[in-house]
1. Cβ contacts < 7 Å: first residue in the same structural domain as Leu293 (by TED's automatic domain parsing), restricted to region 212-228; second residue polar (S, T, N, Q), any location; separation 6+ or different chain. Result?
2. Regarding Val96, is this residue in a helix (DSSP H, G or I) and farther than 30 Å from Ala361 by Cα?
3. Just one of the numbered conditions (1) at pLDDT below 80; (2) in contact with an Asp or Glu (Cβ under 9 Å, 6 or more places away or on another chain) is not true of Ala122; which one?
4. Within region 46-62, track down each residue that is surrounded by 24 or more Cβ atoms within 10 Å (Cβ to Cβ) and modelled with pLDDT under 85.
5. For residues that are part of a helix (DSSP H, G or I) and modelled with pLDDT under 85, tally how many sit in region 140-162.
6. Quick check: anything in region 334-354 surrounded by 24 or more Cβ atoms within 10 Å (Cβ to Cβ) and among the aromatic types (Phe, Trp, Tyr)?
7. Criterion first (at pLDDT 90 or above, part of a helix (DSSP H, G or I) and among the small types (Gly, Ala, Ser)) does Gly76 satisfy it?
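The values are calculated or read from the model by the stated rules, or taken from the named source; none is laboratory data. The model shown is predicted, which means the values in this text are computed figures rather than measured ones. With ideal geometry, Cβ positions are generated from the backbone for all residues, glycine too; neighbour counts draw on all protein chains shown.
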Amino acid sequence: MIENAATDVDVPATRTSGEPRPLAQALAACAGLAAAMGVGRFAYTPLLPVMIDAQRLDAHAGAVVAATNYAGYLVGAVLLSRVPKLHGPSVFRLSVVALVASEALMALPISTAVAAIARLVAGVASAVIFVGCARAVAGAGGRHGAGIAFAGVGVGIAVTGVLVLVAGPVVSWQGMWAGAAVLTALLLAPAWWLPIPGGASQGRAGGRSGGRVWWLLLGAYFLEGLGYIVIGTFLVAAVGGPGGGALAPLSWVIVGVAAAPATLVWGALAKRWPAAALLPVALVAQLLSAVLLAVSDGTWQVVVAAALFGATFMGITLLAMEVGGELRGAAAAAALTAVYGAGQLLGPLVVAPLLGSGYSAAFAVAAMVLAAGVGCAIGVMRAIASVRRT
């Protein structure tokens with residue numbers, strides 16, 4: 001989800017003297033990322049079972065609509081990396097308006113095709129807002145500011161879960177989409193004034209060429225994108241079956257609470273151990289999340305699975321980007337973003353034919369995909385360790 005498309009550029013650190021601007025910018029970016037990623041991009045996850053129960057969508061159509069959102073994010077990230085003129089406050093603010101409008105549109109009695117277009121637009125807009133917030137905080141807040149900003153993703157996820165948990169019994173899916181649009185607008189209000197850097201430098205080259213280990217990293221990250229998005233898309237819908245009750249939206253709250261500090265925790269661990277050694281550990285933890293969801297929908301299994309998922313999906317991105325930077329320098333971010341986005345796009349489409357009889361088979365596929373990702377990550381770890389010993 002946090003593909004760090006902004007990390008392939010160098011943003012000069014500019015500050016206004018005498019003002020606590022870095023903290024203010026970090027908090028504004030935190031709110032922006034909560035809106036763009038936690039709400040704008042992932043409100044669909046806890047709302048999907050509500051829409052299915054209301055016969056607004058079935059599971060297959062829900063997967064297709066989800067895939068269009070991931071396609072939009074991929075398109076947005078790639079365009080930003082290829083067209084520097086798209087960076088800057090004008091496109092950022094246009095994306096703010098587009099994101100809020102796309103969510104409001106979801107509250108109307110529209111066709112599935114129009115819903116897919118709305119989610120496509122939301123994907124592109126959320127990519128632009130994510131990159132803009134990331135670049136703004138990189139120019140002012142440094143590593144500490146980035147930690148504050150990226151916590152917003154988990155906060156936004158938790159807030160959407162609480163929204164559905166509290167409003168679900170008394171508010172229709174249309175009302176909840178309208179509420180999501182209002183919440184997104186409120187969160188994006190402080191981000192509207194962020195000093196979004198215009199243009200984009202080419203970034204520094206550098207790092208080792210990587211060779212085989214680079215391709216293993218790309219493979220691991222592609223498989224992570226494919227596997228994690230199945231969990232992220234269908235976790236709440238799977239739990240929200242007969243007898244699911246409040247556990248369904250609560251599971252999404254748990255994901256958000258676990259995700260909020262995740263990048264700070266994994267970043268601290270990466271100061272003690274190599275990122276390449278931590279990457280397979282994080283993937284194994286996420287693999288266990290998929291396995292738990294595949295074999296049982298019991299309360300403790302769901303709670304543990306949601307916590308493991310929330311604690312790892314952002315951390316895996318952080319670790320993969322760090323390893324990629326070591327192998328290919330700043331140029332790694334664009335390639336990693338592309339393969340991750342491709343995996344996200346394919347995930348819902350791959351498992352869509354399996355959803356007719358429930359979600360266990362989809363989570364089993366996610367587990368197998370993540371197991372292959374673990375294998376690739378172990379290959380990366382061994383190759384880098386071998387180089388360091390010589």
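1. From residues that are in the same structural domain as Leu293 (by TED's automatic domain parsing), the pairs are Gly225/Gln344; Tyr228/Gln286.
2. Numbers: in a helix (DSSP H, G or I): yes; farther than 30 Å from Ala361 by Cα: yes.
Taking the combined requirement at face value, the residue satisfies it.
3. Against the list (1) at pLDDT below 80; (2) in contact with an Asp or Glu (Cβ under 9 Å, 6 or more places away or on another chain), Ala122 comes up short only on (1).
4. Matches in region 46-62: Pro49 only.
5. Step one: list which residues in region 140-162 are part of a helix (DSSP H, G or I), which gives 142-162.
Checking which are modelled with pLDDT under 85 leaves us with 142-151, 161.
Of the residues in region 140-162, 11 are part of a helix (DSSP H, G or I) and modelled with pLDDT under 85.
6. yes
7. Numbers: at pLDDT 90 or above: no; part of a helix (DSSP H, G or I): yes; among the small types (Gly, Ala, Ser): yes.
When the stated conditions are applied, Gly76 does not pass them.
Listed here are the residues, each with its yes/no results for (1) touching a Phe, Trp or Tyr at 6+ places or on another chain (Cβ under 7 Å); (2) more than 19 Å from Ala237 (Cα to Cα); (3) of a type in the set (Val, Ile, Thr).
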position	(1), (2), (3)
Phe309	no, no, no
Met321	no, yes, no
Gly356	no, no, no
Ala361	no, no, no
Ala367	no, no, no
Ile378	no, yes, yes
Arg382	no, yes, no
Val387	no, yes, yes
